[in-house]
Amino acid sequence: MKTIPAPAAIEPISVPSGTPCLELRDITVRYGRGCDHCRSGEMRAQRCTHCGSVYGCRDVSLDVWPGEVLGIVGESGSGKSTVLAVSNLDIQPTSGSVKLLGDDVSSAEGKQRRRLRALALGIVYQSAQANLLMDVTAGGNVAERMLGAGWRRYDAVRSRALALHTDMELPEDRFDVPVGMFSGGMRQRVQLAKALATSPPVLLLDEPTSGLDVSVQARILDLIRRIHAEFQLAIVVVSHDLAVIRMLADRLLVMRRGLVVEHGLTDQVLEDPQHPYTQLLVSAQL
Amino acid sequence: MSARLGELVHRNGGLAGYNYAYMDESAKREVRRGLLKAISLPGHQVPFASREMPVARGWGSGGLQITLSVIEPSDTVKVFDQGSDASMNAIALRDLISRTCEVPTTTDPREATLIQTRHRIPEDPLVEGQVMVFQVPIADPLRRVAPRMTVSRRLHAERDYSAIWLYLYEDHARLGRSSFASAHPVEVEDRYIMTPSPIPRHDCPRLNDAPFISLFGAGREAIVYAVPPYTKVRPLSFEDRPFEIERFATGCALCGATDTYLTEVDGDANAQLVCSDTDRCARRRTR
Ligand SMILES: Nc1ncnc2c1ncn2[C@@H]1O[C@H](COP(=O)(O)OP(=O)(O)OP(=O)(O)O)[C@@H](O)[C@H]1O
Ligand SMILES: [Mg+2]
């Protein structure tokens with residue numbers, strides 16, 4: 001893989017050593033107002049029977065170190081995307097703290113939040129529509145992140161976008177084509193190029209391969225592994241598919257109904273699951 | 001529209017029944033309050049209570065409300081439209097202003113203290129003390145990229161302009177140049193991105209460090225904004241893709257000028273390029 005020049009005009013964000021890149025502490029996200037019954041913490045159901053509030057996640061803690069891949073697995077509605085949205089500063093948690101590169105960013109808003117998103121974080125969503133502008137070219141979608149970070153030289157933006165484009169194994173003649181005309185797998189590649197555009201230290205992947213053909217899925221997973229080996233990023237990958245997690249993750253969180261029910265080294269958890277839910281999950285997979 | 005008003009004014013004997021400058025004093029004060037805020041925050045869009053005017057919204061009612069709010073009997077007014085003092089719209093507005101404000105009018109921008117315009121800045125250099133009033137159809141330069149006003153207000157507040165830069169990137173990637181023929185977005189005093197109203201690119205650099213005051217009014221959107229004298233105004237462009245004004249193959253077919261903005265007119269046989277600023281062109285020819 002050829003080396004992609006770092007964007008000189010973008011002041012790179014420094015990664016302090018001795019601290020995780022991303023650290024969540026006791027994150028709770030509540031949709032709805034809550035009541036005494038569910039706020040007390042004794043109620044562990046995802047939906048409060050008294051007030052009807054839904055807990056996207058509850059008391060979730062995690063940390064990810066440079067070069068590490070953390071997997072989050074769980075059934076639909078278990079809160080995986082919620083945890084990722086908190087990590088990407090898309091939503092502010094109801095309680096708990098978020099640390100990015102050692103700084104508490106729990107209450108980051110406006111400009112600061114935009115800066116962190118632009119320089120410290122990259123994200124790939126399950127649905128490309130949520131992240132890419134369909135009537136904008138592949139190059140433009142990748143360029144947007146550099147422009148958002150304050151880069152103002154057209155040739156430099158374009159050549160870096162093109163380098164990322166080809167590095168994600170996208171055909172060069174599709175660089176100036178609107179992504180609305182791309183296949184699902186190609187869109188995920190564009191999302192990856194966009195996420196990496198500003199060389200962020202943290203990469204968040206929300207179901208990066210679901211909804212793709214199996215063969216396409218395998219090629220995207222290979223690409224993610226290569227990106228990981230190459231850039232030494234801290235990666236959080238969310239999936240309901242244990243095969244994906246097994247292939248990518250060093251460590252693993254198992255979520256169910258908004259709670260983390262088990263965590264540990266991926267091999268360990270999958271070899272010897274402790275929680276009945278994880279046991280069910282593993283046996284269903286094999 | 002204004003002809004009917006004219007009849008009314010006549011029937012009632014001059015200005016009887018109308019306040020000076022048509023609008024009532026409280027409405028003018030409201031516009032002036034908006035303008036003061038606009039001048040304090042160059043390029044920032046300020047909402048104001050846009051009134052019904054005896055011209056349809058979209059026909060210069062925003063500019064007209066500004067003119068009527070700041071005008072004094074000692075002013076001399078020029079109104080022109082796409083460079084012409086003789087267009088229907090310019091005539092109607094000029095007629096309304098001169099009747100209700102009792103001010104002399106002129107076509108020579110050098111004699112005017114207040115110039116209301118649609119789509120042009122006069123070619124003649126303007127000086128300190130002169131006021132330009134621009135009629136604005138669409139006030140928000142982010143309209144194309146963020147159609148919802150609530151979103152666009154937040155983008156302005158946070159100075160989040162990546163969407164408009166992306167628009168520019170896409171232009172260069174697909175066309176090799178910016179696609180803004182008129183209303184090329186400008187950055188004001190390194191802060192707000194503003195639309196200079198649909199003036200041609202030729203006129204954009206003339207807003208930079210200008211000695212005159214520029215006031216912008218969008219009646220339909222109920223927005224005013226301003227550029228005070230000697231303010232930095234920079235057309236949006238990549239560092240390595242400099243902003244360029246229109247270039248013409250020939251000079252003006254009438255006066256021979258080579259440094260003016262030209263428009264095509266249908267001659268009998270073939271189309272000709274002539275000065276869009278008709279007053280200045282006529283003066284050059286008679287000289
Ligand atoms: N905006 C919202 N308002 C109310 N409830 C929400 C909202 N967003 C998510 N939820 C609820 O929070 C819970 C967790 O949702 P989340 O999207 O995090 O699950 P997930 O694990 O990503 O599921 P999936 O695998 O289907 O993507 C779900 O019960 C969901 O219905
Ligand atoms: Mg999800």
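Pairwise Cα distances in region A:135-286 exceed 27 Å in 32 percent of cases. Legend: translational diffusion of region A:132-198 by Stokes-Einstein, Rh = Kirkwood radius over C-alpha pairs, 25 °C, 0.890 mPa s; D = 216 µm²/s.
The B and A chains share an interface that buries close to 1800 Å² of accessible area, total over both sides, probe 1.4 Å.
Counting Cβ atoms of other protein chains within 10 Å of each Cβ in B:238-245 and taking the mean gives 3. From the Kirkwood radius over Cα pairs of region B:247-287, Stokes-Einstein at 10 °C and 1.306 mPa s returns a whole-number translational diffusion coefficient of 155 µm²/s. Gap in Å between the Cα centre of region A:241-286 and the Cα centre of region A:196-225? Comparing the Cα centres of region A:196-225 and region A:241-286, I get a distance of 20 Å.
Convex hull volume per residue, computed on the Cα atoms of chain B, equals 147 Å³.
Working note: Cα atoms of region B:128-287, range along each principal axis, descending, whole Å: 52, 42, 31. Does the protein assembly as shown come out rounded, prolate or oblate, given a ≥ b ≥ c as the square roots of the eigenvalues of its C-alpha gyration tensor, rounded meaning a/c under 1.5 and, failing that, prolate meaning a/b above b/c? It comes out prolate by the Cα gyration axes.
Which lysines, on any chain, are close to residue A:194 with Cα under 27 Å apart, when same-chain ones fewer than 8 places away are left out? Candidates past the 8-residue exclusion: A:2, A:80, A:99, A:111. Shape analysis of region A:117-157 places it in the oblate category; the axes a ≥ b ≥ c from the Cα gyration tensor give an a/c of at least 1.5, with a/b not above b/c. Kirkwood radius, region A:1-128, all distinct C-alpha pairs, inverse of mean reciprocal distance: 16.4 Å. With protein chains left intact and a 1.4 Å probe, residues in region A:132-286 average 40 Å² of accessible area per residue. Over region B:121-223, accessible surface divided per residue gives 37 Å², non-protein components excluded, 1.4 Å probe.
Give the carbon-plus-sulfur fraction of the accessible surface of chain B in %, rounded to a whole number; probe 1.4 Å, heavy atoms of protein chains only.
Reported share for carbon and sulfur atoms: 51 percent.
Packing here is the average count of other Cβ atoms within 10 Å per residue, and on that basis the peptides B:138-144, B:251-257, highest first, run B:138-144, B:251-257. Any chance you could check region B:123-163 for residues losing 40 Å² or more of accessible area when the partner protein chains are in, compared with the chain on its own (1.4 Å probe)? Listed in order, they are B:158, B:162.
Each Lys and Arg Cβ is given +1 and each Asp and Glu Cβ -1; about its Cα centre, region A:132-198 then shows a dipole of about 260 debye.
Around the Cα centre of the protein assembly as shown, unit charges on the Cβ atoms of Lys, Arg, Asp and Glu (plus for the first two, minus for the last two) sum to a dipole of about 840 debye. In terms of its Cα atoms, region B:207-287 spans 43, 36, 29 Å along the principal axes, sorted from long to short.
Accessible area per residue for region B:247-287, computed on protein heavy atoms with a 1.4 Å probe, is 66 Å². Averaged over peptide B:17-27, the number of partner chain Cβ atoms lying within 10 Å of each residue's Cβ comes to 0. The length gained by stretching the chain between residue A:229 and residue A:284 to full extension, at 0.36 nm per residue less their Cα-Cα distance, is 16.8 nm. Apolar share of the accessible surface for chain A: 49 percent from carbon plus sulfur atoms, 1.4 Å probe.
Largest to smallest in accessible area, the residues A:123, A:72 fall in the order A:123, A:72 (1.4 Å probe, all protein chains included). Selection among A:242, B:251, A:223 by position relative to the dipole of the protein assembly as shown gives B:251 as farthest towards the positive end (Cβ unit charges, Cα centre). Extending 7 Å from Cα along the Cβ direction at residue A:222 and again at residue A:109 yields two label points whose distance is 4.8 nm. Distance between the C-alpha centres of region B:68-117 and region B:118-138: 12 Å, rounded to the whole angstrom.
At an R0 of 25 angstrom, the distance between the Cβ atoms of residue B:270 and residue B:110 translates into a FRET efficiency of 0.15. Taking every residue in B:167-174 and counting other chain Cβ atoms within 10 Å of its Cβ, the average works out to 6.
Would you mind computing Rg(Cα) / (2.2 N^0.38 Å) for region A:29-81, counting N as its residues? List each step's numbers first, then the result.
Working: Rg = 13.7 Å, N = 53, 2.2 N^0.38 = 9.9 Å.
Normalised Rg, Cα atoms only: 1.37.
Each Lys and Arg Cβ is given +1 and each Asp and Glu Cβ -1; about its Cα centre, region B:247-287 then shows a dipole of about 300 debye.
Bridgeable lysines around residue B:28 (alpha carbons under 25 Å apart, same-chain partners fewer than 8 residues away excluded): B:37, B:78.
Pairwise alpha-carbon distances in chain A exceed 24 Å for 51% of all pairs.
The values are calculated or read from the model by the stated rules, or taken from the named source; none is laboratory data. This structure is a prediction, so every number in the text was calculated from the model and none was measured. In this analysis, Cβ positions are derived from the backbone assuming ideal geometry, glycine residues included, and neighbour counts consider all displayed protein chains. All accessible areas refer to the heavy atoms of the entire protein, side chains included, with ligands and DNA or RNA removed. Shrake-Rupley method; radii C 1.70, N 1.55, O 1.52, S 1.80 Å.
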